[in-house]
Structures are given as structure tokens and as C-alpha cells.
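Participant: Please find one structure pasted underneath; my questions will follow.
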Amino acid sequence: MSVPRGKVGNSQHFPTNLHVLLDEAEKGNHSHIVSWCSQGHAFKIHDNDALLPLLAKYFRQTKFKSFLRQLQSYGFHRNARGYDKGVVSHPLFVRGRRSLSFQMSR
């Protein structure tokens, strides 16, 4: 299977590519933009604007709203207010358990 030009993830499956993004953000210098939450059952978007270049790199997305629609279509829950603002979760999306995300569908 060929990977589309400019795309880092090796899968067409959105949740799998999201795992790749988060794992590499943890290893690289992007954890100030997006990172796993401490328990690994959710992730947090710290900087919407700085996330845009990463979205273009890992997905075919250049708009934050399109990324949010993708999350919603897979059943992710996003906190938009309060202390947990920016936290995104899904019961099958867990750090270190990428295989669980294959059970997710639109």
C-alpha cells in the first residue's frame, strides 16, 4: 500500500494516524501543542493554531474545524469549557493500545 505524498502515518485509518501523531509528539518537541493526558485515556490539544502544520503532516487536513469533524465522526468527546478544555477522549482510544482503535469506525 502506498502512502500519500506528505503523509507521515502509514494508515488511512484516522484513529491510527492520531496515535502516531500523539506518540511522536511525546518523543519530539510537540507535546506543548498536543499530548496524551497523564492516565493515557485522553489527549489534550494545547494550541489549536500550532496544531495546523501537524495536521497537514499527519493527515490531509489544513483546517482545525475539519479535524474536529473527523474526531466527532469517530465518536470522540471533546471538552470545550472549564478545567478540561481541549481534552479529547474515546473509550477505545488509549495510549499504548493502538490495536483497540481498529474497532473504531465512523
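Participant: Could you check how much of the accessible area of the chain is carbon and sulfur, as a whole percent, using a 1.4 Å probe?
Facilitator: Whole-percent figure for carbon plus sulfur exposure: 48.
Participant: For the chain, give the share of DSSP beta bridges that are antiparallel, in percent and rounded to the nearest 5; count only bridges with both residues there.
Facilitator: Taking every DSSP beta bridge within the chain, about 100 percent pair in antiparallel fashion.
Participant: Express in Å², to the nearest 10, the accessible area of residue 62 obtained by rolling a 1.4 Å probe over the protein heavy atoms while all chains stay in place.
Facilitator: 100 Å²
Participant: In deg cm²/dmol and to the nearest 500, what is the mean residue ellipticity at 222 nm of the chain if only DSSP H runs of at least 4 residues count, each as -39500 (n - 2.57), divided by the residue total?
Facilitator: Here the helix-only value at 222 nm equals -10000 deg cm²/dmol.
The values are calculated or read from the model by the stated rules, or taken from the named source; none is laboratory data. In this text, all values refer to a predicted model and were calculated from it rather than measured experimentally. In case anyone asks, the SASA skips ligands and DNA or RNA and just uses the protein heavy atoms, side chains included. Shrake-Rupley method; radii C 1.70, N 1.55, O 1.52, S 1.80 Å.
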